[in-house]
Amino acid sequence: MTAPAATGAPRLGGRGRSVRYRLNAWLPVLATCVILVLMLGAGQAVFGDFVSPRLLSSLFDNNPFLIVLAVGMTFVILTGGIDLSVGSVIAFSGLLGAQLFAAGWPAAAVLPLMVLSGTLIGAVVGVMVAFFDIQPFIASLAGMFLARGLAYVTSLKALPIHNDALNWLLGTSWGVGDWTTTPGVLLSLLLVAIAFWVFHYTRFGRTVYAVGGNEQSARLMGLAVTRTVFLVYLISGTCAGIAGVLFASYTQSGNPLAGLGMELQAIAAVVIGGTILTGGSGYVIGSLFGVLVYGLIQISITYMSVDSWWTYIVIGVMLLLFVVFQRAIAARRRR
Amino acid sequence: MIALRILRHRLFWPIVALVLLVAINTLSRPSFLSITIKHGALYGSSIDILRNSSQLMLVALGMTLVIATRGIDLSVGAVLAVAGAVSLTYIEASPEPGSVGTVTVAVALGLLVTLVLGAWNGFLVSVVRIQPIIATLLLMFAGRGIAMLITKGQITTVTSAPYAEFASGVILGLPVAFLIAVVVVAIVGLLVRRTALGVLMEAVGINPEASRLAGVQSRGIIWSVYAISGLLAGMAGILYSSNIMAADANNAGLNIEVDAILAVVIGGTSLAGGKFSIAGTVIGVLIIQTLTTSITFLGIPPAVTPVFKAVVVIVICLMQSRRVRGLLAVRRRPVAPSVPGTAAIDASAAVSK
């Protein structure tokens, strides 16, 4: 009832589209940017010494895994699906790595296997959604249970990881002055760039938008809907595997409770980034901004030294504002 | 033909799963089904399962109604936590925590707040017309924050004999918690199946637009199912907090929305809305609870439970999926559309629109 048919503008340089149409499609992303800037401005006004290279760097440094998750989630949500399994995959992937490292495997073998563990879960969810028409919500719920359970099968308690290659990812700090970054952050940004390229310059990317816009039309157009749907879950699972590697590097451990609820954070980031949950409209860049907004809320809450549960409430209110805003845009578009 | 009809009944596979679970349990520990009477109360594994399933039963019941209208309520866990927080904070602050009057007011207050929270969800879905997943996600996020705000981040503990009765009390040998669940299921069952309400809900779930044109007050119906879902989650919250006599804003009802949705789906209600089955949900809840209990019985670490849940979900969903059903019903109807993917189009069109 809400799904606006194929509202995304998959091809940025599409000549036939009016400026206003493109502006409409980018509006939610712009709104996220504006909010981000407003929040930074408000922080600066309230706390004085708020906006600094250190703060801006830490926005990225604190959440590289969430950026990666949001990239994968964007693929899934753009097809109108949802992937709840990603948080649990982080736990599974991390513990798998911890066990393999403990067994003396080299990093060159362990890191790919950690990523592949996510791909595997993604494949299970993808098969269920694409080939058996099980609702994404339920299928990925099963994936979530499967990954969380497998994490516990791998180890019932948290395991430390001592590995130089893994620590290098988020332990190394490169920077000029107060501007710092880590290889892990660069990796996550690289993934955003790759995803952007895939969405706007490949046939697969446009099919993702088409499926999200109207699956039936996409099918009738002869697009490979089943394959595309399968692949987005595979991508999301793989991203979750990569996020698992980053998270393991961040915490230097594997933990069966890692990533609890992180799928919701990823979904929230994607929605705050302007992607519509019914699919077909949104941009991966928006998801990146969504993660930054999320990170900024967390940091501001710490800055204000109020209790951490305010984070939940602020995020909830934030989501509400964005969703209502999106409704308003969708209503305007229909006219 | 009768065998086929039984085989194709939508509660067939869930019941088989439940019977199978009970059989496995009884085989591995013959005392599983035995019930003893101590101090006028029934004891036994099956009674434990019934008692422990009551919270999930209430939540899943509300979820069934919401799902029937093609919605979903992710906020139930958070709402459950809020109910406990409100009630116990009131009792803690009152001069007479042990009096029946205090407890009555506390419970009424807790339920009122959850009713309002549920109505808020309903407002977002039916009036603002936000998708149910996202509308209830808001409260799922914010609800726990609200609960912590009420308890000031502490785990509020109280001593109040009447309040403890909800979880540990016994009437006619049966746990009070179980009886509450039974009564509520019966009331809701009568309400939706003996009046037109159930049919109207299904109509809204199958095609909101068509039902609106047919004169169904879909807005009111959607609004009220979310309110009911909130209220039932609130009742579950009272049971939860009464069980541990503490309001734990962080852990109360954690992941119960997931279990509730699972129970509903296992019971054969489609997430795409429309036809729903309260009996199916009851069986789904019992399956999940029995599974959880039996895993402890079989000496498997409880933490591994999710793997088994995943297997059950995958198997039951596959059994219900059109593709597998098509394979099972081997070409019984040659006139059936033979184009692969047609079914998928129907299903997805139904879901996405």
> For the protein assembly as shown, what is Rg from Cα atoms divided by 2.2 N^0.38 Å, rounded to two decimals?
Replying inline: 0.96
> So what does A:Leu320 come to for accessible area, using a 1.4 Å probe and Å² rounded to 10?
Replying inline: 40 Å²
> Got a number for the accessible area of B:Phe141? Probe 1.4 Å, square angstrom, nearest 10.
Replying inline: 20 Å²
> P(r) of chain A in 20 Å steps, Cα pairs, percent per bin?
Replying inline: 32, 58, 10, 0
>> Output the 0 to 90 degree angle, nearest 10, between the alpha-carbon long axis of helix B:342-352 and the longest principal axis computed from the alpha carbons of chain B.
In response: 30 degrees
> Given labels modelled 7 Å from the Cα in the Cβ direction, how far is it in nm from A:Ala107 to B:Ala279?
Replying inline: 6.1 nm
>> Quick check for me: using +1 on Lys/Arg Cβ and -1 on Asp/Glu Cβ, what's the dipole size of the protein assembly as shown about its Cα centre, in debye to the nearest 20?
In response: 2760 debye
> For chain B, what is the mean residue ellipticity at 222 nm derived from helices alone (per DSSP H run of n ≥ 4: -39500 (n - 2.57); sum divided by total residues; nearest 500 deg cm²/dmol)?
Replying inline: -23000 deg cm²/dmol
> Where the accessible area of chain B is counted over protein heavy atoms with a 1.4 Å probe, how much of it, in %, is carbon and sulfur?
Replying inline: 69 percent
> Between the helical axis of B:100-126 and the dominant principal axis of chain B, each derived from Cα atoms, what acute angle in degrees is found, rounded to the nearest 10?
Replying inline: 30 degrees
> Taking chain A as a Gaussian network, Cα atoms linked when under 10 Å apart, which of A:Val232, A:Val176, A:Val86 shows the biggest mean-square fluctuation?
Replying inline: A:Val176
>> Can you tell me the mean projection area, over all orientations, of the convex hull of the range A:236-300's alpha carbons? Units nm², please.
In response: 5.0 nm²
>> Show me the helices of chain A, taken as full DSSP H stretches, that run 27 Å or more along their long axis by Cα and average -0.5 or above in Kyte-Doolittle hydropathy.
In response: A:19-47, A:107-126, A:225-251, A:284-303, A:310-334
> If you stretched the chain out fully between B:Arg10 and B:Val105, how much longer would it get, using 0.36 nm times the residue separation minus the C-alpha to C-alpha distance?
Replying inline: 30.0 nm
> In nm², what is the average projected area of the convex hull enclosing the Cα atoms of the range A:251-335?
Replying inline: 7.1 nm²
> Which percent of the accessible area of chain A is formed by carbon and sulfur heavy atoms (probe 1.4 angstrom)?
Replying inline: 67 percent
> Once you list every other residue whose beta carbon is under 14 Å from the beta carbon of A:Ser236, what net charge do they have if Lys and Arg are +1 and Asp and Glu are -1?
Replying inline: -2
>> Using a Debye calculation, one point per C-alpha and no hydration shell, please list log10 I(q)/I(0) for the range B:2-320 at q = 0.07, 0.08, 0.11, 0.15 Å⁻¹ in order.
In response: -0.28, -0.36, -0.70, -1.25
> Taking K and R as +1 and D and E as -1, what net charge do the other residues with C-beta under 10 Å from the C-beta of B:Val59 add up to?
Replying inline: -3
> Given H placed on each backbone N at 1.01 Å, which residues far from A:Gly273 in sequence or on other chains put an amide H within less than 5 Å of it?
Replying inline: A:Gly290
> How big is the accessible area of B:Tyr90 in square angstrom, nearest 10, if you roll a 1.4 angstrom probe over the protein chains?
Replying inline: 80 Å²
> What total accessible area, in Å², is buried where chains A and B meet, using a 1.4 Å probe and rounding to the nearest 100?
Replying inline: 4400 Å²
>> Explain nothing, just the number: relative contact order of chain B, from Cα pairs under 8 Å at least 6 residues apart, as a whole percent.
In response: 30 percent
> Relative to the first principal axis of the alpha-carbon coordinates of chain B, what is the inclination of helix B:12-28, with its axis defined by its Cα atoms, in degrees from 0 to 90 and to the nearest 10?
Replying inline: 50 degrees
> For the range B:1-141, what are the per-bin percents of Cα-Cα distances with bins 10 Å wide, up to the bin holding the maximum?
Replying inline: 10, 24, 24, 26, 14, 2, 0
>> Rolling a 1.4 Å sphere over the protein heavy atoms, what is the accessible area per residue of the range A:66-334, to the nearest Å²?
In response: 35 Å²
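The values are calculated or read from the model by the stated rules, or taken from the named source; none is laboratory data. Worth saying up front: this structure is predicted, and the values here are computed from it rather than measured. Methodologically, a virtual Cβ is constructed for each residue, glycine included, from the backbone with ideal geometry; neighbour enumeration extends over all protein chains shown. When the accessible area is computed, the model is the full protein with side chains, heavy atoms only, and any ligands, DNA or RNA have been set aside. Shrake-Rupley method; radii C 1.70, N 1.55, O 1.52, S 1.80 Å.
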